[in-house]
Amino acid sequence: MSIQHYVHLIRDVPDFPKPGILFKEITPLLQHGPALRAAIDGMVAGTRDMQADVMVGIESRGFLFAAPMAYATQSGVALIRKPGKLPALKVRQAYALEYGTDLIEMHADAILPGQRVLIVDDVLATGGTAQAAAELVASVGGIVAGFAFLVELGFLGGRPRLGDVPVCSLLTY
């Protein structure tokens, strides 16, 4: 079945992580096997033409999608993490959230120069995290082939921040 059959499993949580934010909670969808399968299958199908060598998952829910997508496409998987979580030489990028600022890091050798990379996360909001991930990938010589998200919060305008790189979002609010 299509992910559209499981939209009801995404719940709205008002005032999280701070007052005025309406958080799209995907945990119920992740807990439902057929819904999770529909999400992964949809993201794989929607990005197949991007021909990525490596899926880069953004901490933490991006990992849940990047790893099975990499498995399904026989590509590699790399991680973008919060500061202090990676043990080897790393690159770092600051970014803005819709509710503050933060930093992300990636191992400096996670992407080889010239590799085509698909950046994967659960939600595209303002685009700050995804844009920072793209900058990290480019800083080590990777080529951003595209982006994949389960949910896009279109009203926050994140997609234009990602430039003309292809974007696959299964659900848009």
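Descriptive notes on the structure:
- Inter-part distance where the stretch 9-83 and the stretch 110-148 are each reduced to a Cα centre, Å: 14 Å
- Helical contribution to [θ] at 222 nm, DSSP H n ≥ 4, -39,500 (n - 2.57), averaged over the chain, rounded to 500: -8000 deg cm²/dmol
- Applying the Karplus relation 6.51 cos²θ - 1.76 cosθ + 1.60 with θ = phi - 60° to the stretch 139-145 yields 3J(HN,Hα) values of 5, 9, x, x, 10, 6, 7 Hz, where x marks Gly and Pro.
- Efficiency of FRET between Glu25 and Arg161 - r from beta-carbon atoms, R0 25 angstrom, step 0.05: 0.60
- For the stretch 79-84, putting each phi into the Karplus relation 6.51 cos²θ - 1.76 cosθ + 1.60 with θ = phi - 60° gives couplings of 10, 10, 10, 6, x, x Hz, in residue order, rounded to whole numbers and with x for Gly and Pro.
- Likely footprinting exposure, Phe63, Phe149, Phe16, Phe23, fewest C-beta neighbours within 10 Å first: Phe16, Phe23, Phe63, Phe149
- For the stretch 152-169, the Karplus equation 6.51 cos²θ - 1.76 cosθ + 1.60, evaluated at θ = phi - 60°, returns couplings of 10, 8, x, 5, 8, x, x, 4, x, 5, 8, x, 9, 6, x, 10, 10, 10 Hz by residue, with Gly and Pro reported as x.
A short reminder: the numbers here are calculations on the coordinates, not readings from a lab. Note that the structure is a prediction, hence the values are computed from the model and not measured. Neighbour counts run over all protein chains shown; Cβ positions are idealised from the backbone, glycine included.
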